[in-house]
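Notes to accompany the following structure.
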Amino acid sequence: MKEDTGTVKNYDVLIIGAGPGGCSCAIALKDTGLRVAIIDKATFPRDKVCGELMHRKAVETLESLLPGFEKTFKQFPKTLVLKHTQINYKGRMIKFDWKNESYTCPRMDLDNFLLGQVKEHTPTDVFTSTQPDKITVTNDGVTLTIKGSTTVFTGEIIIGADGANSIVAKQLTERTLDRKHYLGAVRAYYSNVKDTKPDVSEVFFSPKFGLNYLWVFPVEGGKVNVGFGLLSQNIADQKINLKETFYKYFKDSPELSAKFKDAIQEGPLEGFGVPLGSSIGAPSGNRFMLLGDAASLSNPLSGTGIGNAVLSGKLAANQVKTCFAIGDFSATPMLQYDDELQKAIVNDLVASYKVQRSLSKMPFILDVVFWLGKYEKVKKYIQSMV
Ligand SMILES: Cc1cc2nc3c(=O)[nH]c(=O)nc-3n(C[C@H](O)[C@H](O)[C@H](O)COP(=O)(O)OP(=O)(O)OC[C@H]3O[C@@H](n4cnc5c(N)ncnc54)[C@H](O)[C@@H]3O)c2cc1C
């Protein structure tokens with residue numbers, strides 16, 4: 001084994017986290033001539049607890065950055081194409097037929113695929129199994145030390161794309177977890193589930209649990225990804241055990257208990273947090289930007305965040321280009337990123353949050369929505385909110 005001699009690695013941009021957000025940011029910087037490093041603590045391929053539904057927004061953004069992306073992704077053997085969604089409530093069902101397809105892909109494979117795109121199409125230096133330790137920001141730049149190593153990374157800008165437990169956010173902002181804007185969620189894989197189709201995603205609302213829904217998303221290999229999320233405030237106030245509640249959901253729902261009668265759980269039920277975009281705090285500052293879950297950009301109504309992670313990766317890359325063009329990496333020009341994020345993502349998420357809160361306080365609205373759901377206009381409105 002070679003001895004670590006304490007090297008200094010100099011870059012222009014340090015991206016922390018190689019999830020969908022970090023990868024899209026690296027891809028968006030591919031033709032800038034900037035020296036970019038992407039640093040992730042995990043060893044790839046690695047899993048990420050997720051429902052694994054990839055909305056159009058993610059695919060369209062990646063296509064805009066890397067023409068031909070969607071075709072390559074569709075041909076990836078782990079990708080499933082989704083054409084329909086069924087929403088179930090009290091024995092009734094609304095079916096949406098998507099004009100443009102969405103996808104599912106296990107995160108173990110999706111994130112490795114995206115990192116592969118970074119390696120193939122960009123000059124980015126990729127450092128996995130590399131755990132950041134201390135970030136220092138001065139007027140001259142950013143330095144980053146690595147746990148268990150004497151290597152030091154330097155850059156002009158650091159991008160926090162390191163997910164819900166972002167150390168960039170922890171070290172460079174005053175953020176604290178706000179339970180009113182955070183979901184606790186669990187997910188398991190099942191096989192042998194009745195009446196599932198590889199191109200249909202399903203969502204089940206239970207009157208017992210108010211608004212919160214359980215998803216059943218098909219994934220490759222004949223399995224489904226099943227999960228459930230609740231507002232952390234409700235979990236704390238009502239002392240809810242999320243894992244027990246997950247299994248109770250099946251028992252309490254006649255449709256689900258029939259559907260999962262002979263199902264086999266494949267692997268453990270795992271949990272993770274979902275930071276919601278209804279309250280995001282400052283996503284940038286002197287020499288740094290946050291994106292994706294590190295910036296709290298998941299949808300309060302659907303819990304989805306891959307699309308916003310990818311889009312915010314693109315917006316952060318645009319801001320990086322501006323900063324290098326004007327030679328200013330301070331907090332003031334970064335505010336432009338906050339504005340772009342607000343316009344492109346956050347305004348919609350705040351609207352979704354209001355809908356989510358109204359529905360959970362007044363679940364009878366769901367009865368009305370289901371009654372009105374037969375009308376195309378209402379269907380289109382629901383589609384635009386998730
Ligand atoms: C149960 C559940 C279900 C969900 N279902 C969906 C869904 O169906 N569709 C959807 O669109 N979204 C879903 N989401 C949300 C989605 O998972 C996230 O919004 C999305 O992964 C955010 O992408 P990201 O790139 O910002 O962060 P992540 O995907 O979390 O990637 C962060 C990366 O940073 C790395 N990292 C973490 N900490 C450090 C560190 N200290 N140093 C270096 N690297 C670090 C990690 O290893 C990882 O590679 C779900 C979330 C949960 C919890």
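Computed values, structure above
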{"read-out": "With Cα atoms, 0 to 90° folded angle of helix 56-65 axis to the chain main axis", "value": "30"}
{"read-out": "Estimated FRET transfer efficiency (Arg56, Gln86; beta-carbon r; R0 22 Å; 0.05)", "value": "0.75"}
{"read-out": "Total formal charge among the other residues, if their Cβ is under 14 angstrom from that of Glu270, Lys/Arg +1 and Asp/Glu -1", "value": "+2"}
{"read-out": "Filter on Lys30/Lys134; Lys208/Lys261; Lys83/Lys170; Lys83/Lys321; Lys74/Lys194; Lys57/Lys251 - keep pairs with C-alpha separation over 29 Å", "value": "Lys83/Lys170; Lys83/Lys321; Lys57/Lys251"}
{"read-out": "For Lys74, net neighbour charge (Lys/Arg +1, Asp/Glu -1) across residues whose Cβ lies under 12 Å away", "value": "-1"}
{"read-out": "Label-point separation, Asp140 to Asp328 (7 Å along Cα→Cβ), nm", "value": "2.3"}
{"read-out": "Degrees, to the nearest 10: 347-361 long Cα axis against longest axis of the chain", "value": "40"}
{"read-out": "Mean Cβ count within 10 Å, highest first, over the residues of peptides 47-59, 158-170, 99-111", "value": "158-170, 47-59, 99-111"}
{"read-out": "Gap separating the Cα centres of region 162-212 and region 257-283, nearest whole Å", "value": "4"}
{"read-out": "The chain: calculated mean residue ellipticity at 222 nm from DSSP helix runs of at least 4, using -39500 (n - 2.57)", "value": "-10500 deg cm²/dmol"}
{"read-out": "Rounded, prolate or oblate (a/c below 1.5 giving rounded, otherwise prolate when a/b exceeds b/c) for region 1-60 by Cα gyration tensor", "value": "oblate"}
{"read-out": "Folded to 0 to 90 degrees: helix 242-252 orientation relative to the chain principal axis, Cα", "value": "20"}
{"read-out": "Separation of the Thr176 and His121 label points, Cα + 7 Å toward Cβ, nm", "value": "4.2"}
{"read-out": "Sites Gln233 and Thr7 - FRET efficiency at Förster radius 41 Å, r taken between beta-carbons, to 0.05", "value": "0.35"}
{"read-out": "Whether region 2-151 is rounded, prolate or oblate, judged on the alpha carbon gyration tensor where a/c under 1.5 counts as rounded", "value": "prolate"}
{"read-out": "Cβ-based net charge around Lys314, under 14 Å, with every Lys or Arg adding one and every Asp or Glu removing one", "value": "0"}
{"read-out": "Rg/Rg_ref, region 62-161, where Rg_ref = 2.2 N^0.38 Å and atoms are Cα", "value": "1.61"}
{"read-out": "Region 1-116 - share of DSSP beta bridges that are antiparallel (%, nearest 5)", "value": "75"}
{"read-out": "Extended-chain gain in nm, criterion 0.36 nm per residue less alpha-carbon gap, Glu376 and Leu335", "value": "10.8 nm"}
{"read-out": "Label zone at Glu270 (point 7 Å along Cα-to-Cβ), backbone N below 14 Å, region 170-207", "value": "185-190"}
{"read-out": "Packing rank of 124-132, 241-249, where each peptide gets the mean count of other beta carbons within 10 Å, highest leading", "value": "124-132, 241-249"}
{"read-out": "Karplus-derived HN-Hα couplings along region 118-135 (A = 6.51, B = -1.76, C = 1.60, θ = phi - 60°), whole Hz, x at Gly and Pro", "value": "4, 5, 6, 10, 10, x, 4, 8, 9, 10, 9, 6, 10, 9, x, 10, 10, 9"}
{"read-out": "Cα gyration tensor shape for the chain, rounded if a/c is under 1.5, else prolate or oblate", "value": "prolate"}
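Each value in this text was obtained by applying a stated rule to the coordinates, not by laboratory testing. Remember, predicted model here, so these are calculated numbers, not experimental data. Note that we place each Cβ from the backbone using ideal geometry, even for glycine, and neighbour counts take in every protein chain shown.
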